[in-house]
Amino acid sequence: MTMSKASTSFGNQLDAFDRKALGKLSRTEERGIEQNVRRRKRNSFLLVVPLLAFLLVTFFAPIGSMLFRSLYSPTVQGLIPQTIQRLDDWDQASPPPAATLKTLAVELKDLALSHKEGELGSAVNQVMPGTASVFKMTGRRIRNADLAGMSDPQAAQWLTDANPDWGNVKLWQAIAEAGRVYTARNYMKAAGFDFVGGTFSQSNTASVYQVLYVKTLGIALSITVLCMLLGYPLAYYLAKAPSKTANALMILVLLPFWTSLLVRTTSWIALLQTDGVVNTVLMGLGLIDTPLNLLYTRFATVIAMTHILLPFMVLPLYSVMRGIDPSYMRAAISMGSPPMQAFFRVFFPLTLSGLGAGTLLVFIISIGYYITPALVGGSDGQMISNIIAFNIQSTSNWGLAAALGSILLAIILLLYWVYDRLVGAGNLKLG
């Protein structure tokens, strides 16, 4: 009886002993206890509902939308549905029949009257670059054309006279491809395939996106290694220093968190520019004769991001190191082990959980960083996140941007899986 009340008072699930004890209670008392347990479970669930709703709206919904948009492309189908329906039966080897050209001409005129021919041209241009001008040029001429009174051959001839590119089979292949509502062409393009001759084939040159993914991983790895080399001894010193000194130094570590990211990034512009602090000091010391080209390079991206992300390495390391009992090291040394050997055989293995947490944090954050590479990286220090932003802001190619983001997400999940297999995600300690 006492045990049952104790368990229900804490909202725990009744164990076998409690259930046995319940056998001595009346049915009314048992129902009361079970209702109390259910009420506590319901209240506990309601407490986490805001968190679940927040994650659903701000995390899972955007990722789901990104994955969906990488495969969903309804623009062309929505603008010229009858033309796409006719192209479904087209052999894609010879020019489409005259009836298909007239159907496109009629739908293109309707779009031109509502000034939407550019939207259609942009959608087809994403499949076959250089075709947007064909739609815009034809759209300007077709607004005043009397297509209703023309036969199919006359309308087809009018269209090809308006722009000879309408007789190009490749243009129609691109329209047919762009008309697919569900397609993997964004992933094909991100993987280095070009749309040629009605199908996607491997590009003769290395895909710019593949190069950017490799460069992004290289930059993220460089930043992670630098943070490890700088953060580990710093965290070790903080962990071994007296509390007063450690607290004072910890403020310096946390100081970047209290400063705007934009301010921290622009401060590196002042440091690394041609007449900046670094070049001025080096030239003043006589180490260089002409200013070094430091800004707008990959070097600038790595240095600035290492400075920004260093606290993410130091904090988990410091937390783990502070929890290690100093008697372990004293015991190893007292038993004859040299200090360095005792460090690497006793202390260092105990810090691997914090080192793994810091490494994972820094690498995952740096691989998707945007602001710092955009401001100090230039063309050499650009990362894949900058290209994703370019496709959204400049070309409005949301499908390709979503595909690139999805691939980046897949790479991160793959690396996390590898880390879990090699080290074990359960060994991570953030504090």
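The values are calculated or read from the model by the stated rules, or taken from the named source; none is laboratory data. Everything quoted here is computed from the prediction, not taken from an experiment. Here the Cβ positions follow ideal geometry from the backbone for every residue, glycine too, while neighbour counts run over all protein chains shown. Heavy atoms of the whole protein, side chains included, go into the accessibility calculation; ligands, DNA and RNA do not. Shrake-Rupley method; radii C 1.70, N 1.55, O 1.52, S 1.80 Å.
Who wins for biggest fluctuation among VAL253, VAL196, VAL49 in a Gaussian network model of the chain, springs between alpha carbons below 10 Å? It is VAL49.
Inter-label distance, ASN43 to SER243: 3.6 nm, where each label sits 7 Å from its Cα along the C-beta direction. Spin-label model, ALA191 to VAL281: label points 7 Å out along the Cα-to-beta-carbon direction sit 4.9 nm apart. Local charge for SER337 was computed over the other residues whose Cβ lies under 14 Å away, with Lys and Arg +1 and Asp and Glu -1, and equals +2. Taking a ≥ b ≥ c as the square roots of the eigenvalues of the alpha-carbon gyration tensor, segment 75-200 is classed prolate because a/c is 1.5 or more and a/b outweighs b/c. Within the listed set THR75, THR138, THR290, the Gaussian network model of the chain (springs between alpha-carbon atoms below 10 Å) gives the highest mean-square fluctuation for THR290. As a fraction of the 1.4 Å probe accessible area of the chain, surface on carbon and sulfur atoms comes out at 63 percent.
Scattering from the chain was approximated by placing one identical point on each alpha carbon and applying the Debye formula without solvent; log10 I(q)/I(0) at 0.13 1/Å stands at -1.16. Estimated translational diffusion coefficient (Stokes-Einstein, Kirkwood radius over Cα pairs, 25 °C, 0.890 mPa s) of segment 134-187: 192 µm² per second. Under the shape rule built on the C-alpha gyration tensor, where the axes satisfy a ≥ b ≥ c, segment 295-337 is oblate, since a/c reaches at least 1.5 while a/b does not exceed b/c.
Evaluated with a Cβ-only charge set (Lys, Arg +1; Asp, Glu -1), the chain carries a dipole of roughly 2040 debye about its Cα centre, given to the nearest 20.
For the set LYS136/LYS189; LYS102/LYS189; LYS116/LYS189; LYS102/LYS136, the pairs lying more than 21 angstrom apart at their alpha carbons are LYS136/LYS189; LYS102/LYS189; LYS116/LYS189. Applying a length cut-off of 18 Å (Cα extent along the axis) and a mean Kyte-Doolittle floor of 0.0 to the DSSP H helices of the chain leaves 98-113, 208-240, 298-322, 352-367, 398-422.
Shape class of segment 106-173 from the alpha-carbon gyration tensor: oblate, with a/c at 1.5 or above and b/c at least as large as a/b. Taking the helices alone, the chain has a mean residue ellipticity at 222 nm of -20500 deg cm²/dmol, built from -39,500 (n - 2.57) per DSSP H run of at least 4 residues and averaged over all its residues.
Judged by the mean number of other Cβ atoms found within 10 Å, the most tightly packed of the peptides 337-349, 112-124 leads the ranking 112-124, 337-349. Accessible area per residue for segment 202-264 is 58 Å², calculated with a 1.4 Å probe on protein heavy atoms, without ligands, DNA or RNA.
For the chain, with a Gaussian network of springs between Cα atoms less than 10 Å apart, report the residue from TRP417, TRP258, TRP172 with the top mean-square fluctuation. Largest GNM mean-square fluctuation: TRP258. If you take all other residues with their beta carbon under 11 Å from the beta carbon of LEU400, and give Lys and Arg +1 and Asp and Glu -1, the sum is +3. Counting charges near ALA112 (Lys, Arg +1; Asp, Glu -1) among other residues having Cβ under 12 Å from its Cβ returns a value of +2. With the crude spin-label approximation of a point 7 Å out along Cα→Cβ, what separation in nm comes out for TYR72 versus MET137? Placing both labels 7 Å beyond Cα along the Cβ direction yields 3.6 nm. Counting only protein heavy atoms and a 1.4 Å probe, segment 275-325 has 49 square angstrom of accessible area per residue. Using R0 = 51 Å, the C-beta based FRET efficiency linking ILE365 and LEU147 works out to 0.35.
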